[in-house]
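Below is one structure, written out as structure tokens; comments come after it.
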Amino acid sequence: MGNTKPVITAAPILSDRVRVNGVETPVTFTAEEGILRWSENRLSIAKEVLGITVEDSKIKIRAIKEKDDGGIICCGGNTKGTVRRSYNLEMLTEDSLRIWSQKLQEFIDSLGRPKRLFVLVNPYGGKRSASKIFIDSVKPLLDDANIDYTVQETKYQLHAKEVAKSLDILRFDGVVCVSGDGILVEVVNGLLEREDWDSAIKMPLGVVPAGTGNGMAKSLLDAVGLSCTASNATLAIIRGHKQSLDVATISQGLNRFFSVLMLAWGLIADIDIESEKYRWMGSARIDYYAIQRIFRLRRYNGCIKFVAAPGYETFGEPADPEGETISEVKSSLVQHKAYCGPALQMKDFNRKIEGPFVSVWLHNVPWGGEDALAAPDAKFSDGYLDLVVIKDCPKLTLLSLMTELNKGSHVKSPHVLYFKVKAFVLEPGTQLDDGSKEGIIDVDGEVLARGKGTYKSNYKTLMTYDKLYIKVDQGLATVFSPSTIS
């Protein structure tokens, strides 16, 4: 090695000479901007560099670049065409090697990126492709970023919830769910059932789309114009940006369920749950069964009451206050110091809409799935839920509305009521045309309650087909996101 020494100027800029592919060339690192330059190359440490390692006299830099730059294609169908790249900078002295590797690593560490992750993989969800997605798209990026990770495959329903309830949260900087939305929901419920729920729920949660419904991943990525791919989701986790997320508490008696995505009753719930009988058709089952349900349309008796968000107080009609308080009941939840949800003052529920209803859809985030922009105005942490109500609608018009779900234009229809609420009460009733049959209440893609005469009505559910109370906690949870989103 020669006797050249790295030069640190007042800028502060670190400058030196390195050998790349046998050719000696100048290199600079601007610490304030986090920009590394040599020859014709320019790398943003925050946006493009995943990690560095030292091998002999070389600093190996692993990065993500645009596709036309060549390299290993970053898996997952990213429409922006990023690829994994590797660069070797051979330092000319031991001092240069030490100083440059130290300065680059210090800058990476200053970005607040996670260093230790607990990864849950659901091998049974969707097309049973989560394990392959982890190996092909997630693992290579985590390895490039020098992230330590522990992988746990879920074995059965609610396994992820059990894991979250007992996880040593001090060992990890985040929990990653490689699945559809179901595993994320289980983790949130597990964390909130812990005695240390108030600190546990601050654990950042990452979502990599690998299931049938990928509403949360789609919502996070689409908000910044990124396609819903495993690689984009993984990069968001690696970069460590975080976003607060509202959590809705659904209460019935002593039972609690914590929702982060949506609640559906009526048409949407019936399609989502009953189409499972056609699971062999793949994703086409939803469209196929939606047509069946629309042309044999059910309407449901019932009533919804709500506390409207500011600016939406004219929706519905005045409701007589009930006067009761649904508070932190003295239940086993309290005895075990788990989270019980916020108190509900029923006197605040001053608006209502009476049935019959075709569909009631309550949303926390914009996308209900990769093809369903259910609530285009929904925000991640505004403290409100977006309510989409259809009371009556001609069948052909309804079919047209369903085909527009991917654009979100259904909410502009005169047959659709779309507004924001702080809290919500659902009083579900029987089918209008058959009083012996009731409906299904679907929360985050799972059945919360089944009424009489419904699909698999003999199956046990967490709650009964009766009055439910829902209130949102603003920003209770935290998720990894591509950037800060309102």
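The values are calculated or read from the model by the stated rules, or taken from the named source; none is laboratory data. If you're wondering where the values come from, they're calculated on a predicted model, not measured in any experiment. Positions of Cβ are backbone-derived with ideal geometry, glycine not excepted, and every protein chain shown enters the neighbour counts. Areas reflect the complete protein model, heavy atoms only, side chains present, ligands, DNA and RNA absent. Shrake-Rupley method; radii C 1.70, N 1.55, O 1.52, S 1.80 Å.
Out of everything in region 131-164 that is assigned to a helix (DSSP H, G or I) and small (Gly, Ala, Ser), what residue ends up being nearest to Val447 (Cα to Cα)? Taking the candidates together, the pick is Ala160.
Of all residues in region 180-238, none satisfies the criterion of being within 23 Å of Lys155 (Cα to Cα), touching a Pro at 6+ places or on another chain (Cβ under 6 Å) and of a type outside the set (Gly, Ala, Ser). Taken over region 91-111, the residue count meeting the criterion of being farther than 17 Å from Thr234 by Cβ and not in a helix (DSSP H, G or I) is 3.
Identify all residues within region 421-456 that are in a strand (DSSP E or B), more than 16 Å from Ile271 (Cα to Cα) and open to solvent by 30 Å² or more (accessible area, probe 1.4 Å); write none if there are none.
Kept after step one, since they are in a strand (DSSP E or B), are these residues of region 421-456: 421-431, 434, 440-443, 446-450.
Now drop any that are not more than 16 Å from Ile271 (Cα to Cα), which leaves 421-430, 434.
Within region 421-456, Lys422, Glu427, Thr430, Asp434 qualify.
Evaluating Ser110 against the criteria (1) small (Gly, Ala, Ser); (2) farther than 30 Å from Ser251 by Cβ; (3) open to solvent by less than 60 Å² (accessible area, probe 1.4 Å) leaves one unmet condition, (3). Looking across region 43-57, the residues that are closer than 16 Å to Ile108 by Cα, open to solvent by 30 Å² or more (accessible area, probe 1.4 Å) and part of a strand (DSSP E or B) come down to Thr53, Val54. Just one of the listed residues (Leu387, Leu417, Leu398) is assigned by the TED database to the domain that holds Arg293 and open to solvent by 20 Å² or more (accessible area, probe 1.4 Å), and it is Leu417. Among the residues of region 395-425, those that are under 26 Å from Ile470 (Cβ atoms) and β-branched (Val, Ile, Thr) comprise Val411, Val416, Val421, Val425. Total residues in region 213-258 satisfying the condition of being under 12 Å from the mean Cα position of the chain (by Cα), of a type in the set (Gly, Ala, Ser) and closer than 29 Å to Lys127 by Cβ: the figure is 7. Scanning region 367-422 for residues that are of a type in the set (D, E, K, R) and in contact (Cβ under 8 Å) with a residue 40 or more places away in the chain gives Glu370, Asp377, Lys379, Asp382, Asp392, Lys395, Lys420, Lys422. Filtering region 234-243 for residues that are within 30 Å of Met402 (Cβ to Cβ) and surrounded by 24 or more Cβ atoms within 10 Å (Cβ to Cβ) leaves an empty set.
So that you can scan it fast, the table gives a plain yes or no per residue for (1) open to solvent by less than 20 Å² (accessible area, probe 1.4 Å); (2) at pLDDT 90 or above:
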{"residue": "Ile286", "(1), (2)": "no, no"}
{"residue": "Leu297", "(1), (2)": "no, yes"}
{"residue": "Ile304", "(1), (2)": "yes, yes"}
{"residue": "Val307", "(1), (2)": "no, yes"}
{"residue": "Glu313", "(1), (2)": "no, yes"}
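Taking residues in region 284-307 that are more than 20 Å from Pro356 (Cβ to Cβ), and partners anywhere that are among the charged types (D, E, K, R), the pairs with Cβ atoms closer than 7 Å and at least 6 places apart or on different chains are Arg285/Arg279; Tyr289/Glu274; Val307/Asp348; Val307/Lys422. One residue alone among Ser227, Ser231 is closer than 25 Å to Thr82 by Cα, touching a helix residue (DSSP H, G or I) at 6+ places or on another chain (Cβ under 8 Å) and open to solvent by 20 Å² or more (accessible area, probe 1.4 Å), and that residue is Ser227. Scan region 430-460 for residues that are farther than 20 Å from Asn301 by Cβ and among the hydroxyl-bearing types (Ser, Thr, Tyr) and the total you get is 1. Being outside the structural domain of Thr461 (by the TED database), at pLDDT 95 or above and either surrounded by 16 or more Cβ atoms within 10 Å (Cβ to Cβ) or over 25 Å from Leu43 (Cα atoms) (or both) is a property that Arg128 lacks.
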